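Only one structure is covered here, and it is reproduced in the block below.
All of the numbers you see were taken from the coordinates with simple rules; none came from a lab. Since the model is a prediction, treat every value here as computed from it, not as a measurement. Reconstructed Cβ throughout: ideal geometry from the backbone, glycine too, with neighbour counts over all protein chains shown.
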Amino acid sequence: MHLWLKALHLIAMVAWFAALFYMFRLFVYHAENRDDPRTAETLKLMAEKLYRIIGTPAMVATWVFGLAMLVSVPAFLSAPWLQAKLVLLVGLTGYHGYVGRVKARFAADDVYLDSRQCRIRNEIPTLFLIGIVLLAVLRPAG
Ligand code: HEM
């Protein structure tokens with residue numbers, strides 16, 4: 001059962017990151033096409049669907065399967081790697097919420113970021129991915 005939870009956890013995590021990696025890429029295109037209403041409308045729709053249909057459900061599933069593993073093996077909670085991972089997960093979940101707020105502003109034609117600012121923000125999930133996977137796999141002892 002636990003291994004099933006872990007497999008589902010990793011599948012959900014990959015789907016979550018697929019969405020996170022692409023949201024700011026869509027905002028880059030939107031910022032570069034802010035004067036082209038047809039393209040902007042298409043990009044708004046893509047961002048909305050990616051966030052609502054893939055990103056948020058995958059985030060919830062990652063949390064649910066991760067927390068289910070903590071229920072099945074409570075000893076993980078006293079491991080320093082897991083505690084550090086939880087700190088990064090709170091940050092990553094906050095980033096997910098931030099992406100949603102940018103999406104809402106762009107959807108309202110408030111394109112307040114330029115494409116370079118969007119590109120820089122698009123690197124943030126990579127940093128979280130590296131940190132979280134290194135903690136989960138290498139499990140450094142505190
Ligand atoms: C969202 C809340 C999350 C919770 C509560 C959580 C919790 C856990 C727990 C308890 C394990 C240990 C399972 C085991 O070894 O039996 C685990 C494994 C793992 N988690 Fe998460 N996790 C979360 C999110 C993530 C995210 C976002 C990533 C990737 C960026 C991730 C990557 C991994 C990996 C790669 C493993 C497997 C490590 C291994 O077996 O070597 N987790 N997670």
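Against the condition over 25 Å from residue 101 (Cβ atoms), touching a residue at least 12 places away in the same chain (Cβ under 8 Å), buried (at least 17 other Cβ atoms within 10 Å of the Cβ) and aromatic (Phe, Trp, Tyr), how does residue 81 come out, does it pass?
Working: over 25 Å from residue 101 (Cβ atoms): yes; touching a residue at least 12 places away in the same chain (Cβ under 8 Å): yes; buried (at least 17 other Cβ atoms within 10 Å of the Cβ): yes; aromatic (Phe, Trp, Tyr): yes.
In short, yes.
Find the residue count for segment 16-48, including only residues that are surrounded by fewer than 16 Cβ atoms within 10 Å (Cβ to Cβ) and within 16 Å of the ligand (Cβ to nearest atom).
Here the count works out to 2.
Examine segment 131-138 for a residue that is among the β-branched types (Val, Ile, Thr), under 21 Å from residue 64 (Cβ atoms) and surrounded by 15 or more Cβ atoms within 10 Å (Cβ to Cβ), and state whether such a residue exists.
So far as segment 131-138 goes, yes, one or more of its residues are among the β-branched types (Val, Ile, Thr), under 21 Å from residue 64 (Cβ atoms) and surrounded by 15 or more Cβ atoms within 10 Å (Cβ to Cβ).
Say we look at segment 115-129 and pick out the residues that are more than 19 Å from residue 58 (Cβ to Cβ) and surrounded by fewer than 13 Cβ atoms within 10 Å (Cβ to Cβ); which of these is farthest from the ligand (Cβ to nearest atom)?
Restricting to residues being more than 19 Å from residue 58 (Cβ to Cβ) and surrounded by fewer than 13 Cβ atoms within 10 Å (Cβ to Cβ), the top hit is 116.
Which of the residues belonging to segment 19-39 are more than 22 Å from the chain's Cα centre (by Cα), part of a helix (DSSP H, G or I) and farther than 18 Å from residue 116 by Cβ? Steps first, please.
As a first pass, look at segment 19-39 and keep what is more than 22 Å from the chain's Cα centre (by Cα): 32-39.
Of the ones still in play, those that are also part of a helix (DSSP H, G or I) are 32, 37-39.
Correct list: 37, 38, 39.
Kindly provide the set of residues from segment 52-69 that are polar (S, T, N, Q) and within 9 Å of the ligand (Cβ to nearest atom), ordered by number.
If we filter segment 52-69 for residues that are polar (S, T, N, Q), which is where we start, we get 56, 62.
Once the filter is applied, which keeps residues that are polar (S, T, N, Q) and within 9 Å of the ligand (Cβ to nearest atom), segment 52-69 yields only 62.
Listed here are the residues, each with its yes/no results for (1) under 14 Å from the mean Cα position of the chain (by Cα); (2) not small (Gly, Ala, Ser).
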{"position": "41", "(1), (2)": "no, yes"}
{"position": "70", "(1), (2)": "no, yes"}
{"position": "78", "(1), (2)": "no, no"}
{"position": "87", "(1), (2)": "no, yes"}
{"position": "99", "(1), (2)": "yes, yes"}
{"position": "106", "(1), (2)": "no, yes"}
{"position": "116", "(1), (2)": "no, yes"}
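Checking residue 102 against (1) over 19 Å from residue 13 (Cα atoms); (2) free of Cβ contacts under 8 Å to residues at least 24 places away in the same chain, only one condition comes out false. Which one?
Against the list (1) over 19 Å from residue 13 (Cα atoms); (2) free of Cβ contacts under 8 Å to residues at least 24 places away in the same chain, residue 102 comes up short only on (2).
Between a residue in segment 56-75 that is without any contact (Cβ under 8 Å) to a residue 24 or more places away in the chain and aromatic (Phe, Trp, Tyr) and any residue that is assigned to a helix (DSSP H, G or I) and crowded, with 16+ Cβ neighbours inside 10 Å, which pairs come within a Cβ distance under 7 Å, given they are 6 or more apart or on different chains?
That search, which allows pairs on different chains as well, returns nothing.
Let me spell it out: the conditions are (1) in a helix (DSSP H, G or I); (2) within 16 Å of the ligand (Cβ to nearest atom), and residue 101 meets all of them except one. Which number is the exception?
(2) is the only condition that residue 101 fails.
A quick yes/no check of all residues on (1) among the acidic types (Asp, Glu); (2) part of a helix (DSSP H, G or I); (3) within 15 Å of the ligand (Cβ to nearest atom):
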position	(1), (2), (3)
50	no, yes, no
96	no, yes, yes
106	no, yes, no
113	no, no, no
